[in-house]
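Participant: Okay, handing you the structure first.
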Amino acid sequence: MFIPGLVISLLTFPGVIVHELAHQLYCRWLKVPVFKVVYFQVGNPAGYVVHEKPKSIVHTALISCGPFMINTLLGFFIALPSAILLRLGGDIGFINYLMLYLGISIAMHAFPSTADGEVLWNAVKEQNKPWFVKALVAPIVGFIYLGALGSMFWLDLAYGFAIAIGLPWVFLAWGV
């Protein structure tokens, strides 16, 4: 079953917004000037952040991969109480389903986009970068592209469910 990316973006727009907000937050935290932010739009890309070129490859990597950390944590914590109620068989109403939807939506947009990977790859290809930096960053870029490929097989949706519902259930099973 093929569902166009536009439909997925419309259905999971909170995750797109948080993804772009995460890029912007990392820019702010790292003092990289931001020129334009589009949190959500109907089209491709669904959102983007235009910022100045970071001064270091570490800053570029943090800005590119920031959504992975922010979206994962936020998706987990938003869904956590509702996932626990669901697991314990409690009376789960509209608000809890809404929180689960938000958690899944946000977590499933954690993966950096291919544009994020391209920015990181272009930064590491510069001639003045030491070989060990290139060796460290190349696998990250590879994982970004694998994540994009995996989204064609619903890896992003599976990740959203795993973070928002699966992880809380694992913690409950372990008694955490």
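Participant: Using a Gaussian network model of the chain with C-alpha springs under 10 Å, which one of V133, V38, V119 is most mobile by mean-square fluctuation?
Facilitator: In the Gaussian network model the winner is V133.
Participant: Here's something else I'd like to know. Can you list which of the trypsin sites (Lys or Arg not before Pro) found in region 84-176 are DSSP loop residues with at most 13 other C-beta atoms within 10 Å? Write out the running numbers ahead of the final one.
Facilitator: Values: sites: R87, K125, K134; in loops: K125.
Counting only loop positions with at most 13 other Cβ atoms within 10 Å, the trypsin sites (Lys or Arg not before Pro) in region 84-176 are K125.
Participant: So for region 1-155, taking the charge dipole from beta-carbon charges (+1 Lys/Arg, -1 Asp/Glu), which of L155, I78, H19 sits furthest toward the positive end?
Facilitator: Going by the Cα projections, it comes out as H19.
Participant: When the scattering of region 19-106 is computed by the Debye formula from its Cα atoms alone, each counted once and equally, what is log10 I(q)/I(0) at q = 0.12, 0.17, 0.25, 0.26 Å⁻¹?
Facilitator: At q = 0.12, 0.17, 0.25, 0.26 Å⁻¹ the computed log10 ratios are -0.48, -0.76, -1.13, -1.18.
Participant: Cβ under 15 Å from P33's Cβ, P33 left aside: what net charge do those residues give with Lys, Arg +1 and Asp, Glu -1? Could you put the intermediate results ahead of the total?
Facilitator: Working: positive: R28, K31, K36, K53, K55; negative: E52.
Around P33, the surrounding residues sum to +4.
Participant: Separation between the A158 and Y145 pseudo-spin-labels, each 7 Å from Cα along Cα→Cβ, expressed in nm?
Facilitator: Calculated label separation equals 2.1 nm.
Participant: Looking at L6, V49, S105, which one has the Cα that reaches farthest to the positive end of the dipole of region 1-108 (charges on Cβ: Lys, Arg +1; Asp, Glu -1)?
Facilitator: With unit charges placed on the Cβ atoms, the residue in question is V49.
Participant: Same structure, new question: Given 0.36 nm per residue, what is the gain on full extension from L172 to N122 after removing their alpha carbon distance, in nm? Before the final figure, lay out each step's value.
Facilitator: Working: separation 50, 0.36 × 50 = 18.00 nm, distance 4.27 nm.
Extending this stretch completely gives an extra 13.7 nm.
Participant: Anyone know which of Y145, Y48, Y97 comes out most mobile in the 10 Å Cα GNM of the chain?
Facilitator: Highest fluctuation among the options: Y97.
Participant: Largest first and in whole Å, give the semi-axes of the chain's equivalent ellipsoid, each being the square root of 5 times a Cα gyration tensor eigenvalue.
Facilitator: On the way: eigenvalues 192, 62, 48 Å².
Equivalent ellipsoid of the chain: 31, 18, 15 Å, largest first.
Participant: What residue among F13, F143, F76 shows peak mean-square fluctuation when the chain is described by a Gaussian network model with Cα springs under 10 Å?
Facilitator: Among F13, F143, F76, the largest GNM mean-square fluctuation belongs to F143.
Participant: In addition: Using the crude model of +1 on Lys and Arg Cβ and -1 on Asp and Glu Cβ, and no other charge, please compute the dipole size for the chain relative to its Cα centre, in debye to 20.
Facilitator: Numbers: 9 positive and 7 negative charges, 99 e Å.
Using only the charged Cβ atoms, the result is roughly 480 debye.
Participant: Report in % the part of the accessible area of the chain that belongs to carbon and sulfur, leaving out ligands and nucleic acids; probe 1.4 Å.
Facilitator: Working: 7400 of 10110 Å².
In the chain, the share of accessible area belonging to carbon and sulfur is 73 percent.
The values are calculated or read from the model by the stated rules, or taken from the named source; none is laboratory data. Worth saying up front: this structure is predicted, and the values here are computed from it rather than measured. Ideal geometry is used to build each Cβ from the backbone, glycine not excepted, and the neighbour counts take in all protein chains shown. Accessible surface is based on the protein model in full, side chains and every heavy atom, while ligands, DNA and RNA are left aside. Shrake-Rupley method; radii C 1.70, N 1.55, O 1.52, S 1.80 Å.
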